[in-house]
Structure formats: structure tokens, C-alpha cells
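Right, one structure below, let's go through it.
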Amino acid sequence: MNALDQLFVNLKQAIVGWFPGEWRLGVSVVISAAAIVGVYAGLFAITTWIERKGLGRIQNRPGPNRVGPFGLLQPLADGLKALIKEDIIPQRADRLVHTLAPILAVVPVILALAVIPVGRNMVAVDLQAGLIFFFAMGGVKEIAVFMAGWGSRNAYSLLGSMRAIAQMISYEMPLVLSGLVVAMAVGSLSLVDIIEAQAGYYGGVLARWHVFTPWGLAGFLLFLVAATAEANRTPFDLPEGESEIIAGHMLEYSGFKYALFFLGEYMGLFGMSGLAITLFLGGWRAPFSFLEWIPSWMWFFGKLFAFIAFFVWLRGTLPRLRADQLMEFAWKFMLPMVLLDVVALALWQYTAHWSVPLAGLWRWVLSGGLMFVAYLGLARLISPRRRVGPRTYRFAE
Amino acid sequence: MSKPLDFDAAEQLAMATGDVEPEQLDHDAPVSLPPPGPRYEAVPRAASPAIPEPEGELLEVSVGPHHPSTHGVFRMNVVLDGEKIVQLKPVFGYLHRNHEKLGEQTTYLGNMPYTDRLDYFCSLSNNWAYALAVEKLAGLKVPERAEYIRVITAELTRLVNHSSLVGFLLHDMGTMGTPLMYAFREREKILDAFEALTGARMMCNYHRFGGCRVDLPPGWLDQVRTIVDNFPRFIDEMERLLSENEVLIARTHGVGVLPPELAVNAGVTGPSLRASGINYDLRKVDRYGIYDRFQFRVPLGEKGDVYDRYMMRILEMRESVKILQQALRDIPEGPVIDPKVRLRNFTPPVGEAYGRIEAPKGELGFYLISDGSKKPYRYRIRPPSFINLTVLEDMCRGHTLADAVIILGAVDIVLGEVDR
Amino acid sequence: MIETARNFVGSYYDPARFPTIQYPEERQPLPENSRSFPILIYDGEDPEAGLRCVACKICEKECPPQCIYIVVERDEKGRAKRHPAVFDLDISVCMGCQICVEVCPFDSIKMDVAFEKAGTDRFGRMLLHKQDLARPNEYFHQIHPTEAAQSDERVGKTKKAPKPKPKPAADAAAERQPSRLAA
Amino acid sequence: MSATFAILATWTVLAALGAMALRKPVHAALSLVGALMGVAFTYLNLGAEFITAVQVLVYVGAVAILIVFVLQLTRGEGVEGESLAVQPASLGLGIALLVTGGLIAAVVFLPDWRAAWPEKGDVALKRLGEVLMNRYVVALEAIGLLLTIAMIGAVLIALKRPDSQPPES
Amino acid sequence: MAPLHQYLLLSLLLFGLGLAGVMTRRNGLITLMGIELMLNAANLNFIAFWRHGPNPDAVEGVLLAMFAIGVAAAEVAVGLALVIAIFRRFRTVNLDEVQELKG
């Protein structure tokens, strides 16, 4: 393992070394925590810049380019604006619940980020049940949304928070299940073991990522859709849908508390994409053997930026789903598909040691076929086209 | 000039429904005059269905007046039972500027710049409607070149209006303004052409009684030809955005259906009426201006829901491009205004006249009564978006709030015209 | 989805997909017919004496929002001189419809192209007096060349100016006669 | 009394007290969430990581939200929060004190609980899985069945039946 | 880690609070929360005894706690459904006003 790859690990060991014995544990914990908060907060700033420039370019306009070169200081300006803006607490609001909500929206998400391995033996906390811990922290976000909605004592924000919670709960099920499919395949809940299981290369070149297996591909797509819904991103950003309930549960917030909510949302985005990378795209592993020399943490953050670009692209294109379509999609399409994904994995595992010629192809056909047929059947069930049929337009002279 | 329109227009309105065998969506089918179709008897308007007994208590929500998705200052008092809309009362008048009373105190020429501000998206077609009414009142003749210029500017405003409307729909549905920016990118080119011709981008004040104010600047026709030639590329882009976007189809199919009888009874005109399948386009019915010289077709919808209304706008843009190409090809030289017309102290003979055109939003009409003085005695405007708005509640009942926003967008209202 | 990707990539190399103009630094050249607010034209050097306006108040009557206010200059015996003492134009009321330009028989009021007239208070900066409105004929030639040529030709004919103005080649299109000196 | 345990204990007890004593039901629900998180971190203090994650996932993620949802549904006529002191309060409190006092006495006076803590790592998940699947598979199936029945039962009870006669009180 | 009996004291306190809440409060939801607290106290005991138990690879304590959490979740679901049904029927959540035994 070359020096560059283990740069940060050695750095931390060096710093911890300076301290006397019994202080070591405390110092290493503090360093890890500072690293996580620092890196992801910096990533948050860069992402806001990427999002605004990306959306701009999609819409044929330059995006921010006035504040600093290429608009790079724009996140700083936004942060400053959020700090300077007056922080209004509505007079009728329940002060404690109102002020506690943004804090509760950010803290659990940062805790969840501690579990994701960022590079070769660069993980803050290697929990034996890392995956379950991650989803548990994801669950606490709903409490924060409720407190925000209920605390501000405003009909619109209450309505918005109810919708947000309903959406999060109905998409939490597919999210957790598609995560557990990978845990079933690997046999352990720890994220480090999951990445371990994706080591090695098919035919010496292509990495053994889970995404290159039929059940993995289906699981990845389902996880991605559920993650977009969980992080309230575009096709599912109903809670802050401007065209209906203006800002949903974040209606009565201004100034820094509003920025905190956004920090929470973006951290959720990093968490979800980080987990998708770890579960399906081999965490910090290189896709091809000949690219092994690039340091591991560069792979992780490279994939993370790819995910951020994808979410920005999604946000620039897709319109918003209606509330009932959202729910119908979650319960009638996502849940059955994820359960079938478990069956597909079972098929894949069961036929692992077939002796039939070109067994790999047969296994792909069997397990992948099941998922594809399920997709066609369920998609037809909820597709609007079936209910309405194609359109013909008459032309009078 | 087309034959003066006598006032049994109601007779024409009733017989104006053409029923042609359905054709696939191809753009170059041979054009043939439709036989007069079945008449739509005035079906008594169905009593609005009794409000179903609500189980939970009703939630009274007021959307607007400065809600981000009500195009302008417009409020909807919506009574919600859970998610479903039970009752929707539009409230407007926030932009009322006393346009008609003001019209009675200003001279005929002085009213022309005010018509720009009626439907501020298509000022040139407003000017044309007012000029048409005054010419009918005074019996003026308009030279050939001015007629061609009027058709070109009217069709360009139709392109502007329809493209930004489709952009606004997708914006209402949640895309962060991306299609809106594409629509505005095309709109800017056309507005630059208007500025080169009339001096202002949106408040053109260009038509005069008996022709146009100033002749085409050199090079203007080539500028418009380039715009018109690469406009279809943009329409294909928009049509692809509309037809292959699964989320959009899910949200607009079968939403806000307007039955044909209700449309006729409520006096809806324009693309909303044609989306419900009724063949009523003033350019074909009245044949005002020189529209009878151009070959173009009128698209008709099938189900009358929001998706159909938007496809109408896309198909009408294609037809406008065809008209523009023909008009640009054979625009003659010659004077742009009838020199005998007096500019100041213009006093038309006593009488009344009703001039109407197919504005992008529907039938825009000006009704003038002149008592021989310099100022009109009565100056009345038939605002198409206001009348199309009356059926908003019938379309929205039973849908959710998110749909009401889109249905309102599909009705295509501009508050300047609704409130006058 | 592919649409936005094409536009994203396109905005980097295809100028048609990147129409933004950085306003304060780059300015889009205004087309020749562009108009914003009216200005008064004067011949020669002295803005006071060379003013073409004869205070006939036609534009004051015809202006739809009534934003022009003229007071005729009277000599000591009270007879009106053909010159405005006061010519105020409130550009916060004016909507730039250039009807005053059409009805003016002496080509003395024309439309300017400068639109940056933002001000902090409504009464001080927005009410333009005769001195602020006056512009030399050369400036008019600069902003609207063809229209200036036609107006010079008209002014040359009606005033029978002492020195014959060089006859600019009349424009090919038959020019409309805007103003018959109405009774 | 190690430092972390002291903080955790006070936090949990205070939150539990709040859950029971606060006047407004929503405040009570939120302090219950605090109490559940306190208990979860006590598990962590005891070295059982897996149960911490399960506790947070099940209780804070689902049960608390359920309580909060039902709170919203039933906010109708009920008086905002009645006082804690209800006439039979003395009776109820008396019984509660009696029961807990007896138990606490049992704990304090039986000295042999003071044995030292044995060295024990967290249970290996693989082993937990195997035990669940081999010896306690019946219990696993039973809990699965129980959860399904409970869910169906809950849905049926709470279903809006059209024929239910209007409430008279 | 503190000696075992302090964990027992903590769980007993929780249990006492839960019991007091159930006994005194009239609001159905607070009663459910009280039951929640009591179940949590029991779980705390299981884990404390599992941790204190001498057998290193004994796993029954953790198992029992997991099952208890499962049962508690089911119980809350049914309890809340009951509360909703009562509210719809009697328009109130206070349990002591729900006295009629009519069918």
C-alpha cells in the first residue's frame, strides 16, 4: 500500500502518538470527528456551488460567476447571508421544539456518516452492525421534520411535515430492504466486510462489484430511487414543492436555522450516496485492476462527486410527482420489487456451484430474468399510459 | 379586406364545428375544407354536482395572491376535503386598472398604447384587434403590405405566447425552470425582432388605423426568416420533453377534463376549446385579414385534458411556423399605411363595431360605440382568458391542489387581460 | 433527461445554447428603432435658442398619460413667443409610447435610446426639465440615423432653412407623411 | 458510578419523568423519544451495539412517529392537557410507589449482585444469526406471525367503516 | 461500567415512572407511552443480566431483548389503533370518559 493511499491514516497515527497513553483514545475520537465534520462540511460548500453552476449550465446560463473566480466564493457568500439574516421565531410557535428541530435534523445525519468507510482502513467507527446503525440514524430525521412542522404552529408547515414524514416512511422500507439484500449476500452487517466482499476482479480486469450481478444491479437502482425519495430530492421533493405548500416544514425558518436544514439535507445526500457506493459500487475499490495505483479515498470521493452530479442532473430535469402517485409508487412498485430482489439473490446464491456449461450466463438469465419480468409486470400495473392510451389528433382544415 | 362581418355571427358560431376523419400526427396531409359539422345544441349547463358529504372537517386554504405558481396576482379560495378539492372560488381584480372607463376618456389613438398592456405577453395581436375594430367602425382600407406585416407579427406573438406557456407548465410541475429557460431563449430572439421593428420588446404600440406605424427596417425580414427557420428545432425539443416524460404524463393525463358541451356553453375559446375537439378557430371562421390566402390547419384534441391543451399549443406553433414561412415568402412592396387617415382628431362616423381576432389565448374582441366625437362612447373588450377562467372550478373539482395549479397553468391566463 | 444533458454539454461549445450577456460589462447593441424616453432636439450649438419646439402643446394634449407640461414664453407685452419657457416631462409617468413623436408637426421631440434613468427619489430625478431634455441634432443622427435623415429632410422643407441642407438620398420606401398641419 | 453511566441515567430518568408529567401530549411524546434514546445509549454503554441500533431503528424510527401521528389524528376535542393531579392520583401513585419500593428493596438488600463484570465482547452477529436460525427458529417464526397479525388487527380496528354511527357525545 | 445493581436501579426507576404514568394520567396516549417505558425497563434488565452473566458466548439475553422489542412494537400498533377507534367513536381520548359497555 503506497504512502499516498495511507496518507491520512499515518497522519492520524502520528498525531495520536504525541499524546500520553490514556489520552490516546480521546484524541483519536476527536480527530476522527473533526475530520468527518470538516470534510463533509467542505463537501457541502462545494456541492452547493456544483449544484448552482450545474443547474445554470443545464439551463443555458452561466450560473454564479461574480463572487470570486468562477463563482467559487458563492458558498461563502450564501453562508454569510444565512448568518446575517434575521432569525425569526414565530410568536405563536413553541419555542423549544422550534429551535431544537434544525439541530435534530443535522446531528443524526452526521452520526450516520461516521459509519461509512472513506478509504482503505479509513473508517471512523467500524461497527459490527454498521448498516443497521446507518438506517437507525436515518429514522431520527423524521422526528426532526415533525418537530419543525409542528413547532412552527402553521397550517401549511404542519401539512408539509405530515407529507414529508409519510413519504420518508414509505420509502424507508425499500431502502432498508435493498440494503439488507447486500448484507444477505455478504453475510455481515459491517460496511468494511461488505467492501471486503467486493475485492478481486472478474477475469483479472473488472472489479467484483455487486452492481455487476443481476440482483446487485436491480438492488442498486431500487436503492438509488429510494435514496432520492429519502433525501427529498427532485422527483420526490414534494415537501418543499414550491408550487403547492411553499416550503413545507421549513416554512417558518429563516437565517441560520434554514441553512442548518439545508446542511442536514445535503449531508443526508452524502450519506445516501456514500452508502450506495459502499454497498454496490465497491466503496473505495478501483473499478479496474490496472487503475489500482490511484489512492483509495480518491476513488470514494470521485464516485461521490459522480453521484452529486447525477442528483443535480436529476434536479434540473424531472418534474415533481404528486403525493398520491408518490405513495402508490412506493407501495405498489418499490416494495414488491425489493422483495423479489431477495428472491433473485437467493436464486443467484443457490445456483452458485452449478456444473452446467456456461453456468454464469444461465445464472444471469435466471436471476436477472426474474427481476426484468417483475419490472415489466409491475410497471404496467401503475403506468398511467395503460389507463389512458395513445392520443390521435385530428386536423380540421 | 374580407367581407364585412354581419352580426348573425351567433349563427356561424353554432355551425362552426367541423368533423373530419381522424388522421395520424403528420404535418403535411393534403388540406380540404371541412363539411359543416353537427351543431352543438345549447345543452343546459349541468347543475354542479352536490358536494359529497365530507367525513373529515373541510380545510379552507387560500392559494395566492402572491403564491409562486399563480401566474400573476390571482387568488383561489379552495375548500379541501383531505386532499380532494371540493370547492374553488377564483378571486381576482388585484390588477384592475379601469381600462375601459379610461378608454372612454382618451382619443382613439391614445388608446392604442394601452392595448399593449392588456395581455402583456402578446401586445401586437392586441393592437391588431383594436385597429381591426376601429377600421370596421370607420370603414378603412389597409394596404397589402400592412396586412402581411400584421399576419407576420400576430403569428410571431403566437409563437412567443405558446412557447413560454409550455415552459411555464413544466415549471409549475417542479422542474427547476429548465424548460422555461429554453422557451425564453427562443422568446428572446423574437422579442429582439420586435424591438428592431417597433422600438420596444413587449409594449410595441405598432399598429395604426389603416396600417402600421413604420415600415420594416432593412434586414428585418432576413432576421425573422432565420428565427422561423430554426424554430421547429425548438418545437421538436419541447414536444420530446412533453411526450416522453413519464412523470409529466402521469401528472397531466386525464387531469382537468373539459367536456365539449360545457366548453361551448361557457364560451371558452382558443386552444382550450379546440383541445375538447371543437373545430372553432376565428382565422378559419371569420377569415379576417388575409388568412384565407394561407394554407394551414387547425389541430383538434380528443380528451380535453391538460395534456391535450398543451399538445394543442405545440401543434399550433407548427402551424404558425407554416403561416410565417408562406407570409415571409410572398410579402409585397408598397405603402404600409393608408395616407388619407388622419392621425390626430381622428373622428370615426357614428355607429358601433365589434372586431375580433384569434389571439393566442382565444377570441379577443373589441366592441366600440362611436358618437362621432374624438373619443369612443363605449369601449368594451372581450377578454379570452377571463372567460376561459370561468370553467376553472368545474375542471378542478375532485382533483388535488397540485393538479389545480397545473389546470390553472393550462388555462393560460394573464392577469392584465383578466382584470383589465 | 437526454434533453438537459444535451443542453448542458451544448452550453459549453454551441453559442446558440449560451445566450447570456454579462450586462454591465458587455452590452447588447440596441437595434436602430429602439426607443426609451423622449428628448427635445435643438439645431446649432445653443440649446436654448436652437430648440425646435414651438410650444404648440399638441404633444401635451395627445400624450395618453398626460406626462408633458408646457408653459409658453411670453415677451414683455404678453404676446406668446414661439418658444417654451417651461417644458417638463415626468419620465416616471411616461410609458415611452412615442405618440408625441408622431403627432409633433415640427420634429422637435424624438425618442432617446438611453434607458438607464434609475433614480433614488421620485420627484427630483424623475421630473426632467427643458435643460435635461435638450439634445443636439448630431446626437439624434447618432442614435437614429435613417429617422434623423428623414426628419432633417422634412425640417429642411418646412423651415426653408437659410443654408440648404445636403439632400440625403431619400429612402427608397415611400415615406409616410406624418403630419399634415391639422387645422 | 462511572461518569458516562451517571450522565446517561440522569438523562433517561429526566426524560421519562417528562414523558409522564408534561401537560401537552406532544411534549410528552418528544420527551419519550429522549428517554428511548437514553435507553439506547445505555445499551451501548453495556457493550451491546446491535441492540442499540435495533432499539433506535424500531422505537425512535417507527414507534415514536406512530405515537406522534396518532396524536395529530386525535387532537380534536380533547382538552389540551389535563392536570397531573387527578383525584385517584394519590391511589395510583401509592400503588406505583409500593411496587417499585418493594423491588428496589429487593435489589438493595441482596448483596450477591455485586460480583465483578466478566470480560465479554459484543455477541458476534454471525453467531446470533445461527442461534436464531437453529435453536430459536420457532420463536422467530412466531414473532413474524405475531407482527403480521398485529398489523392486520390494527388496520381493521382503525379502519373507517362507513356504517359506524355518528358519535353522539 | 457501573456495578450491576445501579443498572437495575435505573430500570426500576423507569418502570416506576411508567407505572405511575399509566396509573395517574387519563390520556390514552400517555398510558401507551407509560407501557412503552415499562417494556423498555424490562429490556434494560435483560441486557444488564446478559452482560453480567459469566457464560461468554451466551446469546439468549440479547435475543430475548430483540423479541421483547418486536412484541412491544406490535403492542403499540394495536394500542394506537384502539385509541383511534375510541376517538372516532367517543370523540375523546380520555379513557375515564369511555364507560358505556353497549355493543
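In the range B:296-327, which residues have a backbone nitrogen under 20 Å from the label point lying 7 Å from B:GLU246's Cα in the Cα-to-Cβ direction? Taking a point 7 Å out along Cα→Cβ of B:GLU246, the residues of the range B:296-327 whose backbone N falls under 20 Å are B:307. Between D:ALA106 and B:ARG225, the simple spin-label model (points 7 angstrom out along Cα→Cβ) gives 10.1 nm.
Backbone phi angles across the range A:83-99, fed through the Karplus curve with coefficients 6.51, -1.76 and 1.60 (θ = phi - 60°), yield HN-Hα couplings of 5, 6, 4, 5, 9, 8, 10, x, 5, 7, 6, 8, 3, 4, 4, 5, 7 Hz in residue order; Gly and Pro are listed as x.
What FRET efficiency comes out for the pair D:LEU73/B:GLU352, r = Cβ-Cβ distance, R0 = 56 Å, nearest 0.05?
0.35
Would you mind counting up the charge near A:LEU291? Only other residues with Cβ under 14 Å from its Cβ, with Lys and Arg at +1 and Asp and Glu at -1. Show your work: numbers first, answer last.
Values: positive: A:ARG285, A:LYS303; negative: A:ASP5, A:GLU292.
The answer is 0.
Counted over the range C:35-156, the DSSP beta bridges are approximately 80% antiparallel. Note on E:61-72: average number of Cβ atoms from other chains within 10 Å of each residue's Cβ is 6. Site pair A:VAL125 and A:PHE256 shows an inter-label distance of 2.5 nm when each label is modelled 7 Å from Cα along Cα→Cβ. Shape class of the range A:2-382 from the Cα gyration tensor (axes a ≥ b ≥ c, square roots of the eigenvalues): oblate, since a/c reaches 1.5 or more and a/b does not exceed b/c.
Pairs of lysines in chain A whose Cα atoms sit within less than 26 Å of one another amount to 12, provided the residues are eight or more positions apart or on different chains. Counts of other chain beta carbons within 10 angstrom of each beta carbon in peptide D:92-103 average 5.
Computed over chain A, relative contact order equals 20 percent, with contacts defined as Cα pairs under 8 Å that lie 6+ residues apart.
Can you tell me the relative contact order of the range E:4-90? Whole percent, Cα pairs under 8 Å, sequence separation 6 or more.
Working: 73 pairs, mean separation 24.4, N = 87.
Reported relative contact order: 28 percent.
Would you mind checking B:LYS189/C:LYS130; B:LYS375/C:LYS57; C:LYS81/C:LYS117 for any pair whose Cα atoms are more than 29 angstrom apart? Among B:LYS189/C:LYS130; B:LYS375/C:LYS57; C:LYS81/C:LYS117, the Cα-Cα distance tops 29 Å for B:LYS189/C:LYS130; C:LYS81/C:LYS117.
Mean partner shielding of peptide E:85-97, defined as the number of other chain Cβ atoms within 10 Å of each residue Cβ, is 6.
For the pair D:LEU145 and A:LYS332, a Förster radius of 35 Å applied to the C-beta separation gives a FRET efficiency near 0.90, rounded to the nearest 0.05.
Counting only residues at least eight positions apart within a chain, or on another chain, there are no lysines with an alpha carbon under 17 Å from that of C:LYS77. Taking the Cβ of B:CYS212 as the center, what net charge do the other residues with Cβ under 9 Å away carry, scoring Lys and Arg +1 and Asp and Glu -1? Neighbour charge sum, excluding B:CYS212 itself: +3.
Within the range E:58-86, name every residue whose backbone N is under 18 Å away from a label modeled 7 Å from Cα of D:GLU130 along the Cβ vector. Under cut-off, by backbone N: E:58-63. Shape summary of the range C:35-156, radius of gyration then Dmax from alpha carbon positions: 14.1, 42 Å.
Cβ-to-Cβ counts within 10 Å put A:LEU11, A:LEU189 in ascending order as A:LEU11, A:LEU189, the fewest first.
Applying 0.36 nm per residue to the separation of A:PHE372 and A:LEU83 and subtracting their alpha-carbon distance, the gain on full extension is 99.0 nm.
When both bridge partners sit in the protein assembly as shown, DSSP labels roughly 95% of those beta bridges antiparallel. Dividing the Cα radius of gyration of the range B:99-242 by its Kirkwood radius returns 1.02 for Rg/Rh. The label point for C:GLU60 and the one for A:ALA309, both projected 7 Å from the Cα toward the Cβ, are 6.8 nm apart.
Would you mind getting me the FRET efficiency between A:LEU381 and C:TYR13? Use the beta-carbon distance for r and R0 = 51 Å, nearest 0.05.
Plugging the Cβ-Cβ distance into 1/(1 + (r/R0)^6) gives 0.70.
Overall form of the range E:4-90: oblate. Here a/c, set by the Cα gyration tensor axes a ≥ b ≥ c, is 1.5 or more, and a/b is not larger than b/c.
Only the coordinates and a few stated rules stand behind these numbers; no lab work does. The model shown is predicted, which means the values in this text are computed figures rather than measured ones. In this analysis, Cβ positions are derived from the backbone assuming ideal geometry, glycine residues included, and neighbour counts consider all displayed protein chains.
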